[in-house]
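Everything below concerns the one structure shown next.
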Amino acid sequence: MKVLLTGGGTGGHVNPALAIGSAIESHDPTVVIEYVGTPRGIENKLVTKYKMHHIEIQGLRRSLSLSNLKTAYLTVQSFHKAKALLRKVKPDLVVGSGGYVCWPVVRAAASLGIPTALHESNAVPGLAAKMLRKKVDCIFVNFPDTAALLPGCKEVLHVGTPLREGFIESGPKAFSLPEGCDRYILCFGGSLGAKRLNGEVLRLMDVYGREHPNICIHLATGAKAYEEVKREFEEMGLHRYPSLIVSEYIYDMPSRMMAADLLICRSGAMTLSEIAYAARASILIPSPNVTNDQQTKNARVLSERGAAILLPESELDKGTLVERVKHVMENDTVRRDMERAVSAFAVPDAAEKIWNKLSELVKKEG
């Protein structure tokens, strides 16, 4: 079987596609998987094990711009180029995960009679899912309420999002906390970090961490911010406390996330799926720079059900994060209620559900 994956622009589109690729490979070791992205998208860094093809396309700007004329031209061209690519590659199945490049590839595949599927990881469907909803054979959704926002689809299945390798196998307390620590707060803003989040966690360490040496507060700054945050961490004298940790990146995220008493992080769809599986309490600080404010919409789904605390960056004034942390860490009932509520969003067999449907689509066509 040959599968063509497509999705790009942000890690939020690429990582679910890679997780689906891994799910397919686990069931069919002989599968050939290739990938379609844009020439300059982040997918070129994240996709390392699949052959990469490129289709040039860009998004519309909301303001009047000459760039939109180029977008219109590329949209028409991209569809024809995608058709030519599909005739060359001859995939048995095309799976999209969102982003501009997803539309021409999946749309072209549907027009050629190739089985197609789309995975929408966000709570509110993106433009690709809305445009393709009547063309694809099936749309997989991460959140159960998303299906109602995709009228006219042939089929919508709530399957969650496949987890990264290592999550299913990991167990709690798979590593040692600093001596004297019996609680663990894990903070991270993604691989590139988040300046405002980093600054507020340093304040949390300074105000709350010094007074509670039994609570390990671990901040992963991201690569770009590490040197600056590490310098400020030391200037504040926080390096003298073994319970306070600053690192560039977390390489054993599954085990650390599952061991945490509280997570402070962004609210990308993949992260929320992992939080649900780990059944951890969390304070979600959505990135304000994501298209259509998708992270806030994701976080709101959980917060409205008591499964997480939503704290917008705009409300991160002095002391706000500290107060939220105190509320969770000093009230076991609050934390346990959040853990129970978020676990309801977990779909542990997401990979199995996706594989079953994809294999059904291929067999049906064959």
Run the accessible area of the chain with a 1.4 Å probe and give the carbon-and-sulfur part as a rounded percent.
-> 50 percent
Within the range 6-20, which residues have the backbone N less than 17 Å from the label spot 7 Å out from residue 44 along Cα→beta-carbon, could you tell me?
-> 7-11, 14
Using the heavy atoms of the protein chains and a 1.4 angstrom probe, tell me the accessible area per residue for the chain in square angstrom.
-> 46 Å²
If we count every other residue with Cβ under 14 angstrom of residue 298's Cβ, Lys/Arg +1 and Asp/Glu -1, where does the sum land?
-> -1
Expressed as a percent, the portion of alpha-carbon pairs in the range 190-273 spaced more than 19 Å apart is 35 percent
Sorted by accessible surface (1.4 Å probe, heavy atoms of the protein chains only), largest first, 35, 226, 251 come out as 251, 226, 35
Calculate the radius of gyration of the Cα atoms of the range 86-171 to one decimal place, then report Dmax, the largest Cα-Cα distance, as a whole number, both in Å.
-> 13.7, 45
10 Å Cβ shell holding at most 13 others, DSSP loop, GluC sites (Glu not before Pro): longest site-free stretch of the chain = 1-154
Over the range 221-281, what is the mean sequence separation of C-alpha contacts under 8 Å (at least six apart), divided by residue count, expressed as relative contact order in percent?
-> 31 percent
Taking a 1.4 Å probe, which of 131, 257 shows the most accessible area, and what order do the others take after it?
-> 131, 257
Can you sort 185, 245 by 1.4 Å-probe accessible area, starting with the largest?
-> 245, 185
Report the residue, chosen from 111, 267, 314, that carries the largest GNM mean-square fluctuation when the chain is represented by alpha-carbon nodes joined by springs under 10 Å.
-> 314
Over the range 79-155, calculate the relative contact order: mean separation of alpha carbon pairs under 8 Å at least 6 apart, over the residue count, as a percent.
-> 27 percent
May I ask you to compute the full-extension gain from residue 240 to residue 80, defined as 0.36 nm times their residue separation minus their alpha-carbon distance, rounded to one decimal in nm?
-> 51.5 nm
Amide H contacts under 5 Å for residue 262, restricted to residues at least 5 apart in sequence or on another chain and with H modeled in the peptide plane, are 184, 186
Computed [θ] at 222 nm, deg cm²/dmol, the chain (DSSP H ≥ 4; -39,500 (n - 2.57); rounded to nearest 500) | -12000 deg cm²/dmol
Read-out Rg/Rh (Cα atoms, Kirkwood Rh), candidates [x] 1.00; [y] 0.96; [z] 0.98; calculated match is [x]
Do any cysteines of the chain lack a neighbour Cys whose Cβ is under 4.7 Å away, and which are they?
-> 102, 138, 153, 187, 265
Out of every Cα-Cα pair in the range 223-315, what percent are more than 22 Å apart?
-> 40 percent
Working note, the range 274-360: Cα radius of gyration (Å, one decimal) and Dmax (Å, whole number) are 15.5, 54
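The values are calculated or read from the model by the stated rules, or taken from the named source; none is laboratory data. Since the structure is predicted, the reported quantities are computational estimates derived from the model, not experimental observations. In this analysis, Cβ positions are derived from the backbone assuming ideal geometry, glycine residues included, and neighbour counts consider all displayed protein chains. Heads up: the accessible areas ignore ligands, DNA and RNA and are worked out on the full protein's heavy atoms, side chains in. Shrake-Rupley method; radii C 1.70, N 1.55, O 1.52, S 1.80 Å.
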